[in-house]
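The values are calculated or read from the model by the stated rules, or taken from the named source; none is laboratory data. This is a predicted model, so every value here is computed, not measured. When we count neighbours, we look across all protein chains shown, and the Cβ atoms used for this are built from the backbone with ideal geometry, even at glycine.
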Amino acid sequence: MLKIYNTLTRTKEDFKPIRDNHVYMYSCGPTVYSYAHIGNFRTYIFMDLIRRVLKYNGYKLKGVLNITDVGHLMRDGDDGEDKMVKASREERKTPLEIADFYTKVFFEDLQKLNIKKPEIIAKATDHIQEMIDYVKALEEKGYAYETSDGIYFDISKFPGYGKLSGINLEDQKAGARVEVNSEKRNPADFALWKKAEPEHIMQWPSPWGMGYPGWHIECSAMSLKYLGTPFDIHSGGVDHIPIHHENEIAQNEALTGKKSVNYWMHGEFMLVDGGKMSKSLGNIYTISQLEERGFSAMDFRFLCLNAHYRKKLNFTFEGLASAKTSRERLCAALYKHKTAKNKTDQEILDNYKRQFVEAINDDLNIPLALGVLFTMLKEKKSEDIYKLALDFDAVFGLSLDKTAQPEQNGEENIPEEIMALVEARAAAKKAKDYKTADQIRDQIIKAGYLLSDTKEGTFVKKSE
Ligand code: AMP
Ligand code: ZN
């Protein structure tokens with residue numbers, strides 16, 4: 001039974017889909033005004049892992065990922081400059097050109113990272129009418145009011161506000177920044193629709209004059225259109241819990257009077273060198289920048305797989321380098337199984353498969369599942385192990401069928417007598433006979449080979 005952690009209930013729950021076998025899922029996508037960075041991609045890898053684990057469990061999927069090409073403001077609230085407009089001013093391109101360019105790069109990066117595209121990609125600009133209809137309906141139900149600059153959601157009409165993040169409205173009022181919009185009834189009221197100044201580049205006709213949608217309404221309108229209400233899973237990064245997702249819940253539940261999402265799943269943040277990523281610190285990396293430094297998108301994916309999605313992941317280039325080495329070792333070990341002709345007992349295979357399923361179904365414990373794979377690869381070389389590793393790769397998405405290859409350092413050419421010494425040393429260590437183990441190690445070194453002991457086992461290569 002698959003268990004997942006639900007932000008709404010703050011517990012790990014058994015996953016029970018609404019429809020027998022078909023899971024409906026919505027994931028917040030990119031605002032395409034600039035390159036997505038490695039932090040964003042950690043969250044999209046997380047989305048991909050949820051989808052792959054569901055598929056491994058036999059579910060069919062209907063997934064929606066939105067592309068925010070309308071632009072939204074620099075801050076999650078209703079203030080700050082429109083991101084798309086800012087980019088188009090700086091790059092001297094139309095917002096459409098900006099959105100098309102960065103959307104294209106985004107999909108190329110997804111492909112490099114082996115992130116499968118969800119079934120439905122929903123562009124915000126294709127759904128303006130649905131958003132207007134949604135806001136009109138909220139207005140008719142008495143949840144929205146008009147000010148001189150837009151239509152706002154009145155959160156005092158929605159008593160459940162704050163249940164996802166545990167935010168208390170009174171605290172929020174007390175901590176509110178200086179109120180920028182004195183016409184708002186409550187500080188946390190948020191824009192459903194903004195009236196556009198004539199010079200605002202992206203604007204559409206609406207019952208309230210020319211304007212553009214609020215960011216939160218995009219996700220509510222598009223999820224309602226494609227997935228209905230309620231649907232099974234909504235995913236995104238943890239930064240979206242307190243405003244964006246709280247506001248989505250308020251809109252959805254005000255409109256339909258029903259719970260809209262059964263499981264809210266949130267991925268923790270990626271930090272860089274222990275801190276926040278920010279333009280001013282110059283530590284926002286793109287996938288191409290990692291490639292320029294000699295790393296592949298798969299190295300980055302592997303790095304992400306090694307941390308549980310609910311734990312912060314601190315990105316450093318040293319960490320990425322060791323992920324790369326570890327992944328190459330995995331591929332080399334796998335290659336030996338691929339090329340072996342032996343068989344493995346079904347019981348042994350079943351045991352690994354059981355451990356793997358237990359790990360992925362325990363709230364996506366992918367690091368543990370990788371551990372199962374590494375242990376399995378230490379078994380006697382056999383084609384059966386190779387096949388089972390490829391089966392596991394349906395979840396990992398590491399393209400193991402293509403990347404299984406001999407180790408670059410010519411490990412294939414290590415003579416048998418040296419390998420016999422390596423095994424003898426391992427046996428001595430296991431028997432806690434460290435003196436013998438050390439003597440054997442010296443013998444190996446004298447013969448011109450280097451040993452490195454790692455979590456995944458001992459590796460040997462010819463010294464330079
Ligand atoms: P945005 O384009 O800012 O809406 O972000 C796209 C996705 O990336 C959202 O799901 C965010 O929660 C997520 N995200 C943004 N920054 C980070 C980060 N440093 N680490 C992980 N996820 C992030
Ligand atoms: Zn969203």
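Just checking, does the range 212-221 include any residue being modelled with pLDDT under 95, within 20 Å of T68 (Cα to Cα) and within 11 Å of ligand 1 (Cβ to nearest atom)?
Looking for residues that are modelled with pLDDT under 95, within 20 Å of T68 (Cα to Cα) and within 11 Å of ligand 1 (Cβ to nearest atom), one finds at least one in the range 212-221, hence yes.
Quick one: what pairs do we get from the range 365-392, first residue more than 15 Å from V53 (Cβ to Cβ), second part of a helix (DSSP H, G or I) and acidic (D, E), C-beta under 8 Å, 6+ apart or different chains?
If the second residue must be part of a helix (DSSP H, G or I) and acidic (D, E), the pairs left are L390/D401.
Pairs under 8 Å by beta carbon, first residue outside the structural domain of I121 (by TED's automatic domain parsing) and in contact (Cβ under 8 Å) with a residue 24 or more places away in the chain in the range 211-239, partner within 11 Å of ligand 2 (Cβ to nearest atom) and in a helix (DSSP H, G or I), six or more apart or different chains?
none
Name the single residue that is nearest to I115 (Cα to Cα) among those in the range 293-325 being small (G, A, S), over 12 Å from the mean Cα position of the chain (by Cα) and surrounded by fewer than 19 Cβ atoms within 10 Å (Cβ to Cβ).
Among them, the one singled out is S296.
Yes or no: M222 crowded, with 16+ Cβ neighbours inside 10 Å and either within 16 Å of ligand 2 (Cβ to nearest atom) or of a type in the set (V, I, T) (or both)?
yes
Within the range 402-415, is there a residue that is farther than 30 Å from R301 by Cα, free of Cβ contacts under 8 Å to residues at least 24 places away in the same chain, more than 42 Å from the chain's Cα centre (by Cα) and part of a helix (DSSP H, G or I)?
No, there is no match, as no residue in the range 402-415 is farther than 30 Å from R301 by Cα, free of Cβ contacts under 8 Å to residues at least 24 places away in the same chain, more than 42 Å from the chain's Cα centre (by Cα) and part of a helix (DSSP H, G or I).
Given the structure, is M131 in contact with a Phe, Trp or Tyr (Cβ under 9 Å, 6 or more places away or on another chain) and at pLDDT 95 or above?
yes
Being at pLDDT below 95 and in contact with a Leu (Cβ under 8 Å, 6 or more places away or on another chain), is that true of even one residue in the range 341-364?
no
Examine the range 243-250 for a residue that is away from ligand 2 (no atom under 12 Å from the Cβ), crowded, with 18+ Cβ neighbours inside 10 Å, closer than 30 Å to K312 by Cα and touching a residue at least 12 places away in the same chain (Cβ under 8 Å), and state whether such a residue exists.
yes
Answer with yes or no whether A174 is surrounded by fewer than 16 Cβ atoms within 10 Å (Cβ to Cβ), of a type outside the set (D, E, K, R), at pLDDT below 95 and more than 30 Å from I50 (Cα to Cα).
It is true that A174 is surrounded by fewer than 16 Cβ atoms within 10 Å (Cβ to Cβ), of a type outside the set (D, E, K, R), at pLDDT below 95 and more than 30 Å from I50 (Cα to Cα).
Out of the residues in the range 261-281 that are without any contact (Cβ under 8 Å) to a residue 40 or more places away in the chain and of a type in the set (S, T, N, Q), which is nearest to ligand 2 (Cβ to nearest atom)?
My answer is S278.
Condition (residue is near ligand 1 (Cβ under 10 Å from one of its atoms), closer than 26 Å to L192 by Cβ, surrounded by 21 or more Cβ atoms within 10 Å (Cβ to Cβ) and modelled with pLDDT of 90 or more) applied to the range 68-81: is it met by at least one residue?
Yes - at least one qualifying residue is present in the range 68-81.
Just checking, how many residues over the range 327-352 are part of a loop (DSSP other than H, G, I, E, B) and among the acidic types (D, E)?
Final tally of qualifying residues: 1.
Go through G209, G275 for me and flag whichever is over 25 Å from R10 (Cα atoms), of a type in the set (G, A, S) and within 11 Å of ligand 1 (Cβ to nearest atom).
G275
Out of contact with any Leu (no Cβ under 9 Å at 6 or more places or on another chain), at pLDDT 85 or above, surrounded by 16 or more Cβ atoms within 10 Å (Cβ to Cβ) and not polar (S, T, N, Q), is that true of K378?
No.
Out of everything in the range 429-455 that is within 41 Å of the chain's Cα centre (by Cα) and surrounded by fewer than 14 Cβ atoms within 10 Å (Cβ to Cβ), what residue ends up being modelled with the lowest pLDDT?
My answer is K455.
Across the range 17-48, what is the number of residues that are more than 15 Å from ligand 2 (Cβ to nearest atom) and surrounded by 22 or more Cβ atoms within 10 Å (Cβ to Cβ)?
Number satisfying all stated conditions: 8.
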